[in-house]
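Following: one structure in structure tokens, then a few remarks.
The values are calculated or read from the model by the stated rules, or taken from the named source; none is laboratory data. Computed from a prediction, not measured in an experiment: that's the story for all the values here. Here the Cβ positions follow ideal geometry from the backbone for every residue, glycine too, while neighbour counts run over all protein chains shown.
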Amino acid sequence: MATSAHLTGVERFFNDDEIIVSKTDTKGRLTYVNDVFLRLAGYTEKECLGQPHSMIRNPNMPRCIFKLLWDTIESGREIFAYVVNRSANGDHYWVLAHVTPSRDANGNIIGYHSNRRTPNRQILDSTITPLYRQLLAEENKHSNSKDGMAASMKILTGLLAQKGVEYDEFIAGIL
């Protein structure tokens, strides 16, 4: 598995009619991955199941976005987010992720389900990539990763407050 931060700079793509699907338990360990996930991530099913979903985390993805994502789904709400992932060989691929809690018959959260589609390239280039660069630069200014994440979260929440929207409204507004 890719445990280093090695990146190739090569972007992988998938078709508009394909959906990347994964499921995790409440701790974020993979319990299901589809063939599209495996192809883009460059792993086998055996290598994935039971592993943390963060095995495909790209170091160019701002930590504050993942914090926002986890805070949202752990509270029982769904979220849409643009995410850049890392393949096993260091390639990367962008997705528009829809992550939602999975519940048992009593309504208890028992895991999470994510469907990822191809992202809108114009939105990536004009809005998401510049924002993520700004957030990541702020995170990297701090020697303590928690301080960096808090600082980048302050930038993100300030942007949302300036626009007078919640994160989901921000994403929906640019879609």
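Of these, Leu40, Leu49, Leu30, which one is closer than 26 Å to Met149 by Cα, touching a strand residue (DSSP E or B) at 6+ places or on another chain (Cβ under 8 Å) and not aromatic (Phe, Trp, Tyr)?
From the options Leu40, Leu49, Leu30, the qualifying one is Leu30.
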A careful count of residues in segment 6-59 that are hydrophobic (A, V, I, L, M, F, W, C), surrounded by 15 or more Cβ atoms within 10 Å (Cβ to Cβ) and over 24 Å from Glu74 (Cβ atoms) gives 5
Counting only residues in segment 1-22 that are farther than 25 Å from Leu124 by Cα and not aliphatic (A, V, I, L, M), the one modelled with the highest pLDDT is identified as Ser4
Would a scan of segment 38-54 turn up a residue that is in a helix (DSSP H, G or I), in contact with a Cys (Cβ under 8 Å, 6 or more places away or on another chain) and under 15 Å from Tyr93 (Cα atoms)?
yes
